[in-house]
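Asker: Sharing a structure below in structure tokens format, with a few things to ask.
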Amino acid sequence: MNTLKSKIEFSTDHSQIIINLISEIDIFKGKWSVLENMSLTFLNELKNIATIQSIGSSTRIEGATLSDQDIKELIAALDINKLDTRDEQEVVGYYDTLELIFENYKNIELTENYIKQLHSVLLKYSVKDDRQRGIYKKLTNKVVATYPNGAQKVIFNTTEPSLVPNEMEQLIIWTNQNIRENKIHPLIVTGLFIYEFLSIHPFHDGNGRLSRLLTTFLLLKQDYNFIKYVSFEHLIEERKKDYYASLMECQKNRHTDNERIDKWIIFFLDSIRKLSAKLDIKIQETGTGKSIYLNDRQKQIVSFVKKNELCKIGDIHRSFSETSINTLKKDMKYLVDNCILEKSGQRKGSIYQISSSATSSKT
């Protein structure tokens with residue numbers, strides 16, 4: 001039987017496409033580490049829009065019918081005692097799970113127990129799911145695509161219930177080990193995890209929704225923080241046909257030596273690339289962000305100033321003693337010129353802090 005690693009042994013042509021996609025994504029990731037100093041008001045607005053889109057799209061992919069406006073109104077006047085329809089129950093469950101991930105991803109590791117906990121939260125308002133929350137499936141299920149007209153199509157068969165615990169355990173061990181060792185790019189590790197999770201389909205219901213939530217969780221764990229401000233789920237809804245086609249193409253050789261997931265990985269990476277480009281355009285259109293490149297040392301200086309609030313050049317030099325004072329002065333000028341840091345005072349008395357334009361919404 002094929003090993004997990006052998007599924008990502010790609011052809012030269014596909015490897016080059018994947019390398020190029022990863023490069024574009026990581027360039028934006030580096031840029032975003034600077035843009036996160038933008039106004040909190042603007043970031044919160046982006047996050048709120050993305051959250052509603054994510055909830056709406058992910059539940060509609062599975063057959064729900066509520067519009068984004070319906071969801072916005074439901075969340076704004078939330079009363080869990082009046083969730084009468086299954087669509088409403090699924091929407092609020094998704095909202096709670098997404099917020100749980102946003103609030104706790106830094107402190108929680110990828111484990112079977114955490115996945116089961118997320119599944120329980122996802123379905124906690126769904127009356128018909130009382131007996132299967134957070135519990136691996138007892139009966140065989142299939143991946144079924146639901147289309148806008150209500151028609152359904154079987155995409156592929158999934159792991160038999162008796163094999164689920166072992167396959168999930170091995171998948172999580174492999175994922176955590178490869179993220180820790182960092183020999184395979186984390187975006188490829190994440191893409192493989194999601195493909196395997198969907199192929200195993202460990203729960204009776206909620207697997208599609210949970211796979212997209214786990215995508216957000218794993219991307220955040222690997223510092224792709226921009227994913228909070230643009231909706232992965234919304235893009236998947238827009239590209240639903242390609243989403244299912246890429247999974248089916250890889251799944252047709254499931255459990256054979258020919259199983260490769262290049263088509264899925266390319267689709268997955270291209271979707272993230274499109275998201276980063278969409279977010280970049282939105283920032284440029286508002287005039288909020290600038291195309292700024294920081295090297296690793298400059299990023300560390302920004303983190304140091306942020307942590308210590310008010311710093312003199314001497315404070316910074318003591319922490320970056322291997323770097324000449326003249327180089328640090330050039331770094332500080334670059335950061336001030338690009339409105340990342342603010343400078344007050346003159347010469348040795350100069351004090352640096354994070355730009356007020358980046359934190360103005362806190363006051």
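The values are calculated or read from the model by the stated rules, or taken from the named source; none is laboratory data. What you see is a predicted model, and the numbers here were worked out from it, not measured in a lab. Glycine gets a Cβ as well: all are built from the backbone with ideal geometry, and neighbour counts include every protein chain shown.
Asker: What's the number of the condition THR215 fails, among (1) within 23 Å of LEU110 (Cα to Cα); (2) modelled with pLDDT under 95?
Answerer: Result: THR215 passes all but (2).
Asker: Next up: Consider SER15 carefully, then state whether it is under 25 Å from THR175 (Cα atoms), assigned by TED's automatic domain parsing to the domain that holds LEU219 and touching a residue at least 24 places away in the same chain (Cβ under 8 Å).
Answerer: no
Asker: Could you list all residues from the range 136-157 that are surrounded by 14 or more Cβ atoms within 10 Å (Cβ to Cβ) and in a loop (DSSP other than H, G, I, E, B)?
Answerer: Across the range 136-157, the qualifying residues are LYS137, ASN141.
Asker: Would you say ASP68 is of a type in the set (D, E, K, R), over 19 Å from the mean Cα position of the chain (by Cα) and under 25 Å from LYS282 (Cβ atoms)?
Answerer: In short, yes.
Asker: Has the range 103-111 got any residue that is surrounded by fewer than 17 Cβ atoms within 10 Å (Cβ to Cβ), at positive phi and at pLDDT below 95?
Answerer: no
Asker: Identify all residues within the range 3-25 that are among the hydrophobic types (A, V, I, L, M, F, W, C) and either part of a helix (DSSP H, G or I) or at pLDDT 95 or above (or both); write none if there are none.
Answerer: Passing the criteria: ILE8, ILE17, ILE18, ILE19, LEU21, ILE22, ILE25.
Asker: Looking at (1) under 24 Å from TYR95 (Cβ atoms); (2) among the basic types (Lys, Arg); (3) in contact with a helix residue (DSSP H, G or I) (Cβ under 8 Å, 6 or more places away or on another chain), can you tell me which one LYS138 breaks?
Answerer: (1)
Asker: Continuing with this model, one more query. Being crowded, with 19+ Cβ neighbours inside 10 Å, in the same structural domain as ALA64 (by TED's automatic domain parsing) and more than 25 Å from the chain's Cα centre (by Cα) narrows it down to one of ASP129, ASP79, so name that one.
Answerer: ASP129
Asker: Quickly run through the range 73-101 and pick out the residues that are part of a helix (DSSP H, G or I) and aliphatic (A, V, I, L, M).
Answerer: Across the range 73-101, the qualifying residues are LEU74, ILE75, ALA76, ILE80, VAL91, VAL92, LEU98, LEU100, ILE101.
Asker: Related question: Can you spot a residue in the range 205-217 that is outside any helix (DSSP H, G or I) and not hydroxyl-bearing (Ser, Thr, Tyr)?
Answerer: Yes: one or more hits.
Asker: Here's a follow-up. Look at the range 158-193 and say how many of its residues are β-branched (Val, Ile, Thr) and surrounded by 20 or more Cβ atoms within 10 Å (Cβ to Cβ).
Answerer: Of the residues in the range 158-193, the ones β-branched (Val, Ile, Thr) are 158-159, 164, 172-173, 175, 179, 184, 188-190.
The next check asks that each one be surrounded by 20 or more Cβ atoms within 10 Å (Cβ to Cβ); those that pass are 158-159, 175, 189-190.
Number of matching residues: 5.
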